Structure formats: structure tokens, C-alpha cells
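Visitor: Please read through the structure below; I'll follow up with questions.
The values are calculated or read from the model by the stated rules, or taken from the named source; none is laboratory data. Keep in mind that what you see is a predicted model, and the values were worked out from it rather than measured. Positions of Cβ are backbone-derived with ideal geometry, glycine not excepted, and every protein chain shown enters the neighbour counts.
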Amino acid sequence: MVEAVSGDDRDESNMELNKEDPGCLPDTEEVVVVPSKPDPGTQSQAWKWSVVLLCFYGFMVQLKPGEPFITPYLLSPEKNFTESQVTNEISPVLPYSYMVALVPIFLLTDYLRYKPVLILQSMSYVSIWLILLLGKTLLEMQLMEFFYGITMAARVAYSSYIFSLVPASLYQRVAGYSRSSVLLGVFTSSVMGQLCYSLGNVSYTTLSAVSLGFVIVALLQSTCLPWPKRSMFFNKECREEHQKLGQVKLGSPSGGTRSTAFMEMLKELKNVPRVPSLRLWSIWWVLNSAGYYLVVFYVHILWNKKTENNKVYNGGVEAASNLLGAIMSFAAGYVKIRWNVWSELVIGVITATMGALLIVMVSTTNIWVCYLSYILFRGFYQFLVPIAIFQIASFLTKELCALVFGINTFLSTILKSTITLIVADKRGLALPVDSQFLVYFFYFALLTLSYLVASVFVITRHFRHQRQSGGPLPEAMPTELCPMAREPQEPEAVPNGSGVKA
């Protein structure tokens, strides 16, 4: 259901990544056009205040204590929708809306320079909570889901906005700030909602009204954000400055039109599938994230069927799952193995574990076992996210990296929408939530089998090559998810393209 989505800002919004810090939020490569006689003190204060304002916005826009309780609210006597309506008619609108909005917002974010898209996101959040409070019909709830899709697509604006405000030397630091503010907002919101509901006996309507108040504040704040002076794909002056500094690694220099650089990157995309790591982790991003978000969208409906005596702990579970996700993402940065050999095996084992947790969620009658399985399910997925980000971004220029993540996310969204149409939508099979989770289990089982078969092939080929080369096997050279994992010199380009690094 929609309320579970906000905890994964760092999953579905990771389309543009700072490849020097894979655990951080997405990044777009920018160049600071320095004045001829800058005032260091004034310049420093300016970017600091801009970052503070943006991070505070990122915190405030996540303060929606009623979000973990939207599904119980819709199914409660206050709204009185049936489980079938919520499962097969309301929830499916979200992936459709997200799919339709993703590409236009991705391009407009850069062209309009971020701020207008953040304002649109805030206005959509306000619309969501107004509709939830005042709406009574099925069509109105579907419209609410439509606006949720817009907010999800607009997260790319926040992810990349902050990098347009600071010099490139500060990218890694401010990425940590922006991510921390979002995580803190999500965690605070979930805990606040659970405490209000469990200890204060606050109604779902009141929680929704409080959420509306917070997002109105975020909307007002978004209008006060500084207006960036540069963008990535459609800013000719900045790109020319980039080329003077030798920081653009596209196949050929950009021409005199705004769209030339973007078209050059589109040409570079044909080289991406030629690199095994890019191919594997892009496939993982598309296939596994689709399955993951289908579970996140519908798990609250599953919980509602297993909850007894109206004791709802959705907020606490979301807080715990986000906290574990953050810990797992952080821990992934310190894993040191030979990813070119063991990637398929690691992905296969974790995908198998996630599938096992799904079957536990469906089969158990104990709501606490279901809660725990969900928390672990999200934690395992979040462990692989920064690894995927690093493995993809390490082979790409930052401009092409943003485009590849955008395309991967769009393909994943198409897959989510297709599965939703077949499995959940009223126009398809319209399966109940239990049956849907069984379908998702078989989906993860099929992925597991594919990854493990691929791992046998890759590992066998690796050791056979070592034996044929003669002499003992070389010592393992594990790589860590950190900037030092790559040499500073320019890597050799893939044939027919320089935006993809070999």
C-alpha cells in the first residue's frame, strides 16, 4: 500500500548517484562557475544556509505520522472500503501513476532546475492528505494514489538538487547530510505515529490531519528554497565549463545546442550491456526492485488480515525496518570480496532468503512473525542497494550514471505495473493479497534459480581460467565500497564509446 513507500527514498530515488559515495543519495555532476573575485566567507555561508534549508525540507516532507496507517484507515468504519476495493482497485493505481510520471519528471527536473519539481511534490502531498481526509468515494481514493505516484517520481529532484548548491569537492559530505535528514524524518514520523496511536489513542482521522499540517509547512518551505543556477543535461554553459576542466568523458564534445550532450549520452547506452558487472547489477535493479516494491505496496493489507483486536503497530514496524535498512546499507560499504567472481552467488543467496521470508509472511498466523519477516525482508534488500549503486556507478561517467539509473528505474516500474495489472488489478486476475504474496514468492524463487545457475557458470569459468593460466591461484583482491577502490587515472574506454568505463 502507498504508506510503506516513503521509507525507501534511498531505494526508488537512487537514479543519480555520487559514485564516490555509493551509500549516499543520488547525484548529478555539476560545475561551480566561480566569480572572478569570490568572497570565500560569503560563498561558504551561502551554500551552508542553502544546504540547511534543503535538508530541513527533506526532514519536514517526511513527517507524515498517518502514513503507516492509511490502509487500516481505508478499511476502518470511518472510510468503510472493502479489502477487495483497496487491494484490486485503489492500490494498483500507484505503480501506473509512477510509471507515467517518471520520465517527464526526470527530464523536467533538470530542465526546470529542481525547485519547481519540489514544489509540485509538496503540492501533491497536500492533495493526498486533503483527499484522504475529505474523500469518500472510490474514485477519490484512486486520485489519491495518482498523486502518490507523482510524489515518488519527484523524489529525484530532492536527490539531485543539493548537488547544484555546492562545489564538487563537497558532494560527498552534503550527500550524507541529505540522506540523514530523510532517514531521520521517516524514522521520526513512524515513531510519532505509533506513539500517538498506541499511547495517545489518536484516531486515524486526527493522524491524517496532523500529516496534512506537516506537509503544508513543507510546501511553504519549498517556495523559500534557493533557486539553483545550473543543471546537468540542459545547461550549455556549465557543460562547456566542464569540458574546459576536463571533467566530461562523453564520446564527443557537446555542440551548440542544449540537447547535444543528452543525445551523446543516449548513444553511449549501447555500450552498457557489454560490461558484465553493469549488465548483472542493472538486471538486479530492474527485477529485484520490482518484486521488492510490490511487497512493500501490499504488505499493509496482509497485516490487516492478520491483526487481532485492532492492535495496529504499522508505525513501529516501519520505523524498525527503516532503521535496519540504514544499518544494512552502512554495513554493505565494508564488505570486501571479489565482486566480479561472487556477485551472482551473493545476489542468489540473498534473493533466496527474501523469498523464504515471503512464504513465512503468508503462512504464519502470528502477526509478530509477519512483522519480523517484513523487517528482515527490507533489511536484506537494502544491503544490496549500495553494492548495486557502486558496481554500476564505478563503470560510468556521472552524467551517464544518472541516465542509466533512470532507465533501470523506469524499466522496473514498467515491470511492476505489468505484474500489478495481471495479478492485482480488477481487470486482471484480481487475486486476494495472500495469493498475491504466493505469486511474489514464486517470482523470487525464479530469480534465485537464475542467479544461482549464473553463479555456477561464472565461478567455474573463473577457476578453470586460473588453472589453464598455470601456477597457483592469485591472492584474492577484494574491493570495498569506497572511493579508494578505483585508481585515480582515467580508465580505458569500451570500444565505440567513452562514457562507459571498462
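Visitor: Is the stretch 410-426 home to any residue that is within 19 Å of the chain's Cα centre (by Cα), more than 30 Å from T82 (Cα to Cα) and of a type outside the set (S, T, Y)?
Guide: yes
Visitor: If you don't mind, another one. If you check V385 against the conditions, is it under 20 Å from F330 (Cβ atoms), in a helix (DSSP H, G or I) and among the β-branched types (V, I, T)?
Guide: So V385 passes the test.
Visitor: May I pose another question? Tell me which residues, restricted to the stretch 288-305, are out of contact with any helix residue (DSSP H, G or I) (no Cβ under 6 Å at 6 or more places or on another chain) and within 19 Å of F390 (Cβ to Cβ).
Guide: N288
Visitor: While we're on this one: Restricting to the stretch 408-442, name every residue that is out of contact with any Leu (no Cβ under 8 Å at 6 or more places or on another chain), under 21 Å from L102 (Cβ atoms) and assigned to a helix (DSSP H, G or I).
Guide: Listed by number, the residues that qualify are N408, L411, I414, S417, T418, L421.
Yes/no per residue for (1) of a type in the set (A, V, I, L, M); (2) surrounded by fewer than 22 Cβ atoms within 10 Å (Cβ to Cβ); (3) modelled with pLDDT of 95 or more:
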| residue | (1), (2), (3) |
| --- | --- |
| T87 | no, no, yes |
| S91 | no, no, yes |
| L102 | yes, no, no |
| L107 | yes, yes, no |
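For (1) at pLDDT below 75; (2) surrounded by fewer than 22 Cβ atoms within 10 Å (Cβ to Cβ); (3) among the acidic types (D, E), each residue gets a yes or a no:
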site: K136; (1), (2), (3): no, yes, no
site: M141; (1), (2), (3): no, no, no
site: E145; (1), (2), (3): no, no, yes
site: Y148; (1), (2), (3): no, no, no
site: A157; (1), (2), (3): no, no, no
site: Y161; (1), (2), (3): no, no, no
site: S169; (1), (2), (3): yes, yes, no
site: Q172; (1), (2), (3): yes, yes, no
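Visitor: Say whether the condition of being crowded, with 19+ Cβ neighbours inside 10 Å, modelled with pLDDT of 90 or more and more than 25 Å from P95 (Cα to Cα) is met by at least one residue in the stretch 275-291.
Guide: There is at least one residue in the stretch 275-291 that is crowded, with 19+ Cβ neighbours inside 10 Å, modelled with pLDDT of 90 or more and more than 25 Å from P95 (Cα to Cα).
Visitor: Scan the stretch 176-233 residue by residue and report those that are modelled with pLDDT under 90 and either under 30 Å from G333 (Cα atoms) or in contact with an Asp or Glu (Cβ under 8 Å, 6 or more places away or on another chain) (or both).
Guide: G176, Y177, S178, R179, S180, S181, V182, L183, R230, S231, M232, F233
Visitor: Kindly establish whether K416 is buried (at least 21 other Cβ atoms within 10 Å of the Cβ), in contact (Cβ under 8 Å) with a residue 24 or more places away in the chain and basic (K, R).
Guide: Judged against the criteria, K416 is a match.
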